[in-house]
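Scroll down for the structure; my scribbles are underneath it.
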Amino acid sequence: MMPPTKQPRDSGTRSTNRWLAAFGALTLVAVTLAGTNYAAHARTLATQQAQITQLTNDSAKQSLQAAAGTARSVQDGLGISPDRVSTDTAIITQLLSTAFTWNSGESYGESREAVKARYDLAEGSRFLTTFMPPAGFNQDKTGRKYYYIDAAGLSSNVGGNVDVDVVEIAGTSYRYAVMADLVISGTPTSSTSGAGQTKGTTASVTRRMLLYVTVAADGTVSELTGYPASGDTRTSP
């Protein structure tokens, strides 16, 4: 008689690692994806991220380095008001918090609308299309929306490492290069035989992003451009 086959004890670990590999690739682009099957989403996301990483990471890193060097040069050559920079930094910090703090598909949509209204952004503006595209969802016959963000259990917040440097002064307007860590956490919903839906392992990914912001003397924010979160990834279980 053949001895019973032992079940791999590390199957749960391999399952978790497969999720972490796909989840570690998540950026804000992920919120645009929708579908009825989470596994299909994960496979699509992993494929897209491989392409995105190859095309953007090098340029993003170079831009971050160039922005930091330019900021130091500008600050050395211009008369910059420390009080003004402090005031504008508070405004920029509020912008980051409003845009990148959410924990559900609904709250993401609310953050997007708040940014759009507060900073007078057009729907087709570069910031909204690049950093905050509309959240993808499925909708049933009753009109109820099922967001991909919720299926993946995603949430977002800004890390404590935020650098704000002046890169240009035009009249009374200051243009800043803002480098910040964006922390995205998620707990995917997975199927288990006979048990319906259950929550998987929670993981997080931290990525550096670059944002250019112009702030007028009256606190008006304009010219929001930059690079979404990319570059080196730091994950945690």
Exercise. Among ALA216, TYR119, THR202, flag the residue with its Cα farthest along the positive direction of the charge dipole of the stretch 82-227, charges on Cβ as +1 for Lys/Arg and -1 for Asp/Glu.
Key: THR202
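So if I place +1 on the C-beta of Lys and Arg and -1 on the C-beta of Asp and Glu, and nothing else carries charge, what would the dipole magnitude of the stretch 82-227 be about its Cα centre? I want it in debye, nearest 20.
Dipole about the Cα centre, nearest 20: 560 debye.
In a shell of Cβ-Cβ distance under 13 Å around ARG112, excluding ARG112 itself, what net charge do Lys and Arg (+1) and Asp and Glu (-1) give?
For residues surrounding ARG112, the net value is -2.
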Quiz item: Using the beta-carbon distance between GLU168 and GLU106 and R0 = 41 Å, what value does 1/(1 + (r/R0)^6) give for FRET efficiency, to the nearest 0.05?
Solution: 0.65
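Tally Lys and Arg at +1 and Asp and Glu at -1 over the other residues with C-beta under 12 Å from the C-beta of ALA99: what net charge comes out?
Once all neighbours under 12 Å are counted, the net charge is +1.
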Quiz item: Looking at ALA151, TYR176, GLY226, which one has the Cα that reaches farthest to the positive end of the dipole of the stretch 82-227 (charges on Cβ: Lys, Arg +1; Asp, Glu -1)?
Solution: ALA151
Exercise. Determine, from the Cβ-Cβ distance of ASP120 and ALA217 and an R0 of 22 Å, the FRET efficiency 1/(1 + (r/R0)^6), rounded to the nearest 0.05.
Key: 0.80
Quiz item: Rounded to the nearest 0.05, what FRET efficiency do ALA90 and THR202 have when you use their Cβ-Cβ distance and R0 = 41 Å?
Solution: 0.80
Quiz item: ASP150: accessible area at probe 1.4 Å, nearest 10 Å²?
Solution: 70
Quiz item: Of all the accessible heavy-atom surface of the stretch 82-227, with the other protein chains kept in place and a 1.4 Å probe, what percent is carbon and sulfur?
Solution: 50
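Does the stretch 82-227 classify as rounded, prolate or oblate by the C-alpha gyration tensor (a ≥ b ≥ c root eigenvalues; a/c under 1.5 gives rounded; else a/b over b/c gives prolate, otherwise oblate)?
Working: a/c = 3.41, a/b = 2.01, b/c = 1.70.
Prolate.
The values are calculated or read from the model by the stated rules, or taken from the named source; none is laboratory data. Here the structure is a predicted model, which means the values were calculated and not measured. With ideal geometry, Cβ positions are generated from the backbone for all residues, glycine too; neighbour counts draw on all protein chains shown. Please note that ligands, DNA and RNA were not included when accessible areas were found on the heavy atoms of the full protein model with its side chains. Shrake-Rupley method; radii C 1.70, N 1.55, O 1.52, S 1.80 Å.
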